[in-house]
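Student: Take this structure first; my questions come after.
Every number in this text was worked out from the coordinates using simple rules, so none of it is lab data. Everything quoted here is computed from the prediction, not taken from an experiment. Virtual Cβ from ideal backbone geometry, glycine too; neighbours counted across all protein chains shown.
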2 protein chains.
Amino acid sequence: MGQTLTEKILDDHLVEGELEPGEEIGIEIDQVLTQDTTGTMVWLQFEALDLDEVQTELAAQYCDHQTYQFDFKNTDDHRFLRSAAGTYGAYFSRPGNGICHNVHKENFAAPGKTLLGSDSHTPTPGGLGQFAIGAGGLDISVAMGGGAYYVEMPEVVNVRLEGELPEWSTAKDVILEMLRRLTVKGGVGKVFEYTGPGVETLSVPERTTITNMGTELGATSSIFPTDGKTRDYLARQGRADEYVELSPDEDAEYADEIVVDLSEIEPLVAAPSMPDNVVPVREVAGESVDQVIVGSCTNGGYEDILPAAKMLEGREIDMKTEMVVAPGSKQASELLAREGWTAEMMAAGVNFSEATCGACIGIGHVPASDSVSLRTFNRNFEGRSGIEDDSVYLCSPEVAAASAIAGELVDPRDLAGELGELEPPGLELPDQYDGSKTDIIEPEESVDDGLVKGPNIGAAPIGEPLDADIEGSVLLKMTDNITTDHIIPATSDILMYRSNIEKLSEFTLSRVDDTFAQRALDSNGGVLVAGENYGQGSSREHAAMCPQFLGIEAVLAQSFARIHKANLFNFGILPLAIDDDTYERIEQGDDVEVVTDVAPAIAAGETEFTVRVNDDWEATAELDASERERRILEAGGKLRLTKEQYSEGGGGAAPADD
Amino acid sequence: MGQTLTEKILDDHLVEGELEPGEEIGIEIDQVLTQDTTGTMVWLQFEALDLDEVQTELAAQYCDHQTYQFDFKNTDDHRFLRSAAGTYGAYFSRPGNGICHNVHKENFAAPGKTLLGSDSHTPTPGGLGQFAIGAGGLDISVAMGGGAYYVEMPEVVNVRLEGELPEWSTAKDVILEMLRRLTVKGGVGKVFEYTGPGVETLSVPERTTITNMGTELGATSSIFPTDGKTRDYLARQGRADEYVELSPDEDAEYADEIVVDLSEIEPLVAAPSMPDNVVPVREVAGESVDQVIVGSCTNGGYEDILPAAKMLEGREIDMKTEMVVAPGSKQASELLAREGWTAEMMAAGVNFSEATCGACIGIGHVPASDSVSLRTFNRNFEGRSGIEDDSVYLCSPEVAAASAIAGELVDPRDLAGELGELEPPGLELPDQYDGSKTDIIEPEESVDDGLVKGPNIGAAPIGEPLDADIEGSVLLKMTDNITTDHIIPATSDILMYRSNIEKLSEFTLSRVDDTFAQRALDSNGGVLVAGENYGQGSSREHAAMCPQFLGIEAVLAQSFARIHKANLFNFGILPLAIDDDTYERIEQGDDVEVVTDVAPAIAAGETEFTVRVNDDWEATAELDASERERRILEAGGKLRLTKEQYSEGGGGAAPADD
């Protein structure tokens, strides 16, 4: 039987397990990437592992989230990251050089390689045939130490693309259509493999827009085969020699198939406040727009911004609308500036920003109260923009530019008709992506003398072995789809404590209940209850570290988002699945006791745990954990376990047997 | 007897008083400017005056300090300001369009006109013959209502420029030389009028660098005559018709004369942490530099950045040094982008920022701990960069660029020698400053339907009439040169409360003693004691409003900075001058009672007030206040007084007789 592309790459990298959906596999990691808000903890954990240098083929540290450096703690973090990259042998991308996914795609992403990144949008280079997964920071530290990465073998879904995109429809609309059909839970436990005749109609930048935002489907990863377009893109980036031809076997068997006819895609928008709340732009046309932002790892490339620039050339944005363009990388900024597009956009009224994640994570250009913001980003979770009652729409750069001109949401096809002059800008790649590499410091060019830690940079907390019993009150009962932004917000006033767990913990779940952190500390721990898809969103391991710091021993949820569940294991918190009835019946404030003798049950591979509530009624909760994950729980977390293993093994060069 | 240029312009605008140094004069204001952090209170106060529209020839509202909009309160402020400008008839410059002084210079500054601005660097357009003064926001509100502006007639000092600047020496070095000679107190009560054969060797942008930073001398204003260079600059801005020839009479009599031989100026730097701590760059050369920033209202023009861009072309900045360029206006950004310089700077490793005050006031790009930052700004007060123990040097763009290349402080003449290839970039004006005007909304283009106030926008507090007696404990004893940054810090976490006095007050003097605000509230008021030059720095009236809100009734200082003293009157706080002995003897915690019966003494024009300390010893404190200022004190502040006057007068069209 033939293999899917996913299976082929995983097979090449398999160190443990079988490629059976749902089975845990261990894979060798070729490349890792880290960014500034997750990277500090990755390197602190790497330091705790007592290793001399990075063992992967390539590691790259980016500074993209906190580039505005609003606080000295951000700048200190960047300096620490530079010193860590230099000390341990990673590339360092300076603040201002752009978003990790964009810069990685431009410089390092390679077909057929595995990439593990401490950011949930790591799957971006799936668009050029790399198998890339987002993971918690600790998984990155371990991978950098030469350890395998463990993940449940996903189901591989065939997304068959047919036809060709009409004018004004874009790759962004393709992934919005996927979200409309499948919802933010639709990709859990899955890899979306794009196939079919439509593939060759899409350039690499278009493909990476789709793979990037596959994360919003909850997918483990998304991937395209490679072809002439891939080779062409790499050649324009000066990396033609890294091209490898990759495709699924003709008789590959997929778990499912979805057909998307590109020719039927129309301009779409994700309405507030979930990326799957997708409707045609025409359905919400006329809504007044206060702010428009073009950028992010989804649509911040040169090829994304150029169409908007062409549309704005010689025009002016509406006077009541503010428009910001924040390129995804300095390569994009430099090309746009060199070709005169930056000046044109400025003349149209655009506030041109440095290359940063920025507004996408609520850092800068926070919308005004009771206002509408239209963004080319990938997420519009409530409050993520930096204001609680936000109203953020997600769309393509074309829809963004048209709406900025109109001052209201508009399908560019209709604006074209109204003004009688808007030409579809189409998509264009530069002959050569000849931006400078000044902002990338190579591993051998280390400029710091050892690790440089500012006063806010703590140490990686090393857990304690599992408690004999788990008992405590339900400190918080939450609904479905709680995101990691709810658990640990990423606004700039909070983000700067990512290297300081004690301080950061004060903000745990504050977006849900701002008394939670103090109550958790006061009650000396307890448990959390949640609905479906708990922990969706970013890969931030702090969403597990902080609850652990506050004494949370277990989370009882109807289901868990993949990366967050791994993070719960990694930090010694028991993720227990409960059924609908139990979820409905259990209340905040209830006393919960795991009656099953926890440590022996985990060791023995038990999957069912009896939970007694208020000494009154009982329910069964399920632990879906591999042997490896059970060992992690027993040890009190993965850092402690790995540290012991690496120390026994005399170093990290050998894949860790965890 | 002939007149100085200052006297000529003031004479033309005089509505009250005599042009005798030290005497209070009232002058008519032609233009006002406000920025976003002082502007919200200006407009709230204007609203409180119940007037229909701005009465000055021109009013312009800029958004420059909080352009990153890192909190919704910033964005709400900008929206409020846009709505206020539209409602009352002012120009509105959108966030991203640049710093008020730069944009005003480009678009509105006119020789011979008076300009009052709620920012201490308002004197910038003195470089093209405008008489411009920084003032507290309330003075702006009153001027916008048609009221005169009252100020002590300054001494006019002749700064005679001889010779011509050598290569690598710049206008920035001229004003640094002035600061080296005169200190930050050297200009108090003075206007510096530049004359002599050196004037014609300097372009308008160079002149405005000098007049801009005259503020750091404590000067009331600085001014240049107009000439062919002025006409030429205005013509390149498309405003040749606004040129007026202005010069002092040949037999003008000056209070003092300073001679600066331009040919002897060498590259200088203001070392941490005061703008007058000036030394030749060569004296501190070799100091490692972590961060370099080019921009600000002092050196953020096209002409300022272009030399740095030329120096960086084809080169790379040092790997351990981060460099940010933040243009002062979008006109500068657009020109630099259009001509390809932006791309060149990016290629060299520059992080190119939106046009903003930003880092100059501690908003963004805060230096790392224990690091050195080299900036082309005008102030390096301790902590102003956003980190307490900062180490900020001030210099020219040429020194900044050379040091970024070297990774350490270097005189560009020495770097030139070392590399054998650095050409002096010289100074160059564009043929036409043809940036777009898209970001300026004209008064008749109002886009909002009345005032739009977000939830953080309060009301202007209207004071209470003066207390019968002033008695209380010395809540804080401070040293010399306490700045308004000490009194009300301007970092972004605090700045966002500028429209919310109750909240903002919590931060009063927190940089000196973070228990102060609570102690003041607890003790139901008291007095402050300070050394020389209390309240130097910015024009922010919040530095008086917040102490007033906390119940402070008097400040006993050896001397006061001009704008702050006016602000103290405006908010009903008694500024009493004490002598050295009294300052030395009085201690924090002492009980102070103004024995003189305050209200009648103020009304009667008394200048000496007896102060009794700890019921033990007495001292005499002096009140140097005009009749007008006494009436303001009696009324409980200027807003209450003006409101009464305007309401009696049936509107604000007539100059207010206050």
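Student: Just to confirm a number: summing +1 for Lys and Arg and -1 for Asp and Glu over residues other than A:A604 whose beta-carbon lies under 12 angstrom from that of A:A604, what do you get?
Tutor: The answer is -4.
Student: Could you tally the net charge around A:A285, taking each other residue with its Cβ under 10 Å from the Cβ of A:A285, Lys/Arg +1 and Asp/Glu -1?
Tutor: In short, -4.
Student: For a quick protection proxy, order the peptides B:442-454, A:99-111, B:554-566 by their average other-Cβ count within 10 Å, most packed first.
Tutor: Highest-to-lowest ranking by the protection proxy: A:99-111, B:554-566, B:442-454.
Student: Something else: Taking each residue of B:318-327 in turn, how many C-beta atoms of other protein chains fall within 10 Å of its C-beta, and what is the average?
Tutor: Taking the mean over all residues of the peptide, I get 4.
Student: At 7 angstrom along the Cα-to-beta-carbon line, where would the label on A:P465 sit relative to the other copies? Give the distances in nm, shortest first.
Tutor: Relative to the other copies, A:P465 has label-point distances of 7.9 nm.
Student: Please turn the phi angles of the range B:245-255 into ³J(HN,Hα) values with the Karplus equation 6.51 cos²θ - 1.76 cosθ + 1.60 (θ = phi - 60°), one per residue in order, whole Hz, x for glycine and proline.
Tutor: These are the phi-based 3J(HN,Hα) values: 7, 9, 7, x, 5, 4, 9, 4, 10, 10, 5 Hz.
Student: Identify all lysines with a Cα-Cα distance to B:K229 below 19 Å; exclude those on the same chain that are fewer than 8 residues away in sequence.
Tutor: By straight Cα distance, B:K229 reaches B:K105, B:K113, B:K172.
Student: Now, a different point. Per DSSP helix of 4 or more residues, -39500 (n - 2.57); summed, then divided by the residues of the protein assembly as shown. What does that give at 222 nm, rounded to the nearest 500?
Tutor: -8500 deg cm²/dmol
Student: What is the Cα centroid distance between the range B:287-326 and the range A:227-273, reported in whole angstrom?
Tutor: Centre-to-centre distance over Cα atoms comes out at 41 Å.
Student: How crowded by other chains is A:94-107, given as the mean number of beta carbons from other chains within 10 Å of each beta carbon?
Tutor: So the per-residue partner count for this stretch is 2.
Student: Nm distances between the label at B:T201 and the same-position labels in the remaining copies, 7 Å along Cα→Cβ, shortest first?
Tutor: Relative to the other copies, B:T201 has label-point distances of 6.9 nm.
Student: Kindly work out what percent of the DSSP beta bridges joining two residues of chain A are antiparallel, to the nearest 5.
Tutor: Percentage antiparallel, nearest 5: 30.
Student: With the dipole of chain A worked out from charges on the C-beta (+1 for Lys and Arg, -1 for Asp and Glu) around the Cα centre, which of A:G238, A:G463, A:S263 lies farthest toward the positive end?
Tutor: A:G238
Student: Take every Cα-Cα distance within the protein assembly as shown, group them into 20 Å bins from 0 onward, and report for each bin the whole-number percent of pairs it holds.
Tutor: 11, 38, 34, 15, 2, 0
Student: When DSSP assigns beta bridges and you keep just the ones with both residues in the protein assembly as shown, what percent turn out antiparallel, to the nearest 5?
Tutor: 30
Student: Along the range A:457-472, what does the Karplus equation 6.51 cos²θ - 1.76 cosθ + 1.60 (θ = phi - 60°) give for ³J(HN,Hα), rounded to whole Hz, x for Gly and Pro?
Tutor: Working through the residues one at a time gives 8, x, 10, 6, x, 9, x, 10, x, 3, 5, 4, 9, 10, 7, x Hz.
Student: Got a sec? Charge dipole of the range A:384-458, +1 on Cβ for Lys and Arg, -1 for Asp and Glu; which of A:P424, A:P443, A:G454 is way out at the positive end?
Tutor: The listed residue farthest towards the positive side: A:G454.
Student: Mind giving me the nanometre distance, one decimal, between the label points for A:D616 and A:D513, set 7 Å out from Cα along Cα→Cβ?
Tutor: 1.7
Student: Would you tally the net charge around A:N378, using a Cβ to Cβ cut-off of less than 11 Å, leaving A:N378 out, and scoring K and R as +1, D and E as -1?
Tutor: Local net charge: +3.
Student: Between the alpha-carbon centers of the range A:596-615 and the range B:534-595, tell me the distance in whole angstrom.
Tutor: A separation of 68 Å, based on Cα centres.
Student: Can you tell me the dipole magnitude for chain A around its Cα centre, using point charges on the Cβ only (Lys, Arg +1; Asp, Glu -1), in Debye to the nearest 20?
Tutor: That gives chain A a dipole magnitude of about 1800 debye.
Student: Roughly how big is the protein assembly as shown's charge dipole about its Cα centre, with Cβ charges of +1 (Lys, Arg) and -1 (Asp, Glu), in debye to the nearest 20?
Tutor: Result for the protein assembly as shown is approximately 940 debye, rounded to the nearest 20.
Student: So, by mean Cβ neighbours within 10 angstrom, what's the order for B:354-365, A:141-152 with the highest one leading?
Tutor: B:354-365, A:141-152
Student: Considering Cα pairs under 8 angstrom that are at least six residues apart, work out the relative contact order of chain A and quote it in whole percent.
Tutor: 15
Student: Inter-copy label distances at A:R519, 7 Å along the Cα→beta-carbon direction, one decimal in nm, shortest first?
Tutor: Its label point is 3.8 nm from the equivalent points in the other copies.
Student: Here's something else I'd like to know. For the range A:470-636, what is the relative contact order in percent, using Cα pairs closer than 8 Å and at least 6 residues apart in sequence?
Tutor: Over the range A:470-636, the number comes to 23 percent.
Student: Please state the charge dipole magnitude for the range A:370-465, taken about the Cα centre, from unit charges on C-beta atoms (+1 on K and R, -1 on D and E), reported in debye and rounded to the nearest 20.
Tutor: The calculated dipole for the range A:370-465 is roughly 280 debye.
Student: If you find the alpha carbon centre of the range A:90-153 and of the range A:335-404, how far apart are they in angstrom?
Tutor: 25
Student: Right, next: Determine ³J(HN,Hα), in whole Hz, for all residues of the range B:282-297 in sequence, where each value follows from phi through the Karplus function 6.51 cos²θ - 1.76 cosθ + 1.60 and θ = phi - 60°; x replaces Gly and Pro.
Tutor: Running phi through 6.51 cos²θ - 1.76 cosθ + 1.60 with θ = phi - 60° gives 4, 6, 10, 4, x, 5, 5, 10, 8, 9, 10, 10, 10, x, 5, 5 Hz.
Student: Can you find, among B:I487, B:N614, B:G472, the residue farthest towards the positive end of the dipole of the range B:470-636? Put +1 on the C-beta of Lys and Arg, -1 on that of Asp and Glu.
Tutor: B:I487
Student: What order, most packed first, do the peptides B:313-320, B:634-641 have when packing is the mean number of other Cβ atoms within 10 Å of each residue?
Tutor: Put in order of decreasing packing, that is B:634-641, B:313-320.
Student: I've got another one for you. Counting only other chains, what is the mean number of Cβ atoms within 10 angstrom of the Cβ of each residue in peptide B:425-438?
Tutor: 2
Student: What fraction of the DSSP beta bridges in the range A:136-274 is antiparallel, stated in percent and rounded to the nearest 5?
Tutor: The answer is about 5 percent antiparallel.
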